[in-house]
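Step one of this worksheet: look at the structure below.
Computed from the coordinates by the stated procedures, all read-outs in this text should not be read as laboratory data. Everything numeric in this text was worked out from a predicted model, so none of it was measured.
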């Protein structure tokens, strides 16, 4: 786990926690198919390092901020971020019950008091008053298509809040389309931070959007409508 100290600038106490987290995940992978990545090195790089590395040079999160991780799956990027940013509260949302149950076990086992877990669909929770436009940040590594990612994510953000989307290579055309869709939902694209995972594990991008105005109450639509009629 020394790579996390060297590359992500975590402290030695956190290095021990991440080592224990790997032990936990390696056992869980024998029971649940929450990731196709099985080897320790690739897992650490593509889940732990990727979750943290894009943010290490930016002071995005402050004490007391609320961060929503949509489609958290096995807890990425939310769990690694919660370990590093202990004064920030992370809400991990996923629609698959076995994944949220695993995250609940992980939360209790590692005493992550700054983590909450929600089981349900983003398009439903986004219309719940206690969640709609209540978050300082949304992070998303799970949704591939910009149309769905933006429509499901932006309604959760406060005005002035920021969406951080973990992506691979994005063409200028893709980013222009994302900025246009974000505009319909009250936000704009403000930054694309490109970074490389160590040991030639791939190029990545962290694409940032800022919420400028309230999102229309019609959004997000049901997933069928999102898939069939993109913005």
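Given the options 63, 142, 187, state which has the largest fluctuation in a GNM of the chain using a 10 Å cut-off (strictly under) for Cα springs.
The residue with the greatest mean-square fluctuation here is 63.
Mind telling me which of 129, 181, 79 comes out most flexible in a GNM of the chain, alpha-carbon contacts under 10 Å?
Among 129, 181, 79, the largest GNM mean-square fluctuation belongs to 129.
Calculate how steeply helix 12-28 sits against the longest principal axis of the alpha-carbon atoms of the chain, using the helix alpha-carbon long axis, and give the answer as 0 to 90 degrees to the nearest 10.
80 degrees
Could you tell me which label, among (i) 16.9, 60; (ii) 16.9, 48; (iii) 20.5, 68, carries the value of Rg and Dmax of the Cα atoms in Å calculated for this structure?
(ii)
Taking the Cα centroid of the range 92-156 and of the range 177-217, what is the distance between the two, rounded to the nearest whole Å?
18 Å
Please tell me the relative contact order of the chain in percent, rounded to the nearest whole number, where contacts are Cα pairs under 8 Å and at least six residues apart. Don't jump to the answer; show the numbers that get you there.
Details: 409 pairs, mean separation 37.2, N = 231.
Averaging sequence separation for qualifying contacts and normalising by length gives 16 percent for the chain.
Using helices alone, what [θ] at 222 nm do you get for the chain, with -39,500 (n - 2.57) per DSSP H run of 4 or more residues, divided over all residues and rounded to the nearest 500? It would help to have the intermediate numbers written out before the result.
On the way: 10 runs with 83 residues, N = 231.
Value at 222 nm, helices only: -10000 deg cm²/dmol.
For the chain, set up a GNM with springs between Cα atoms under 10 Å and report which of 208, 116, 171 has the largest fluctuation.
Per the Cα network of the chain with a 10 Å cutoff, 171 tops the list.
Write down the percent of antiparallel bridges among all DSSP beta bridges whose residues are both part of the range 128-231, to the nearest 5.
Working: 16 of 21 bridges.
Just about 75 percent of them are antiparallel.
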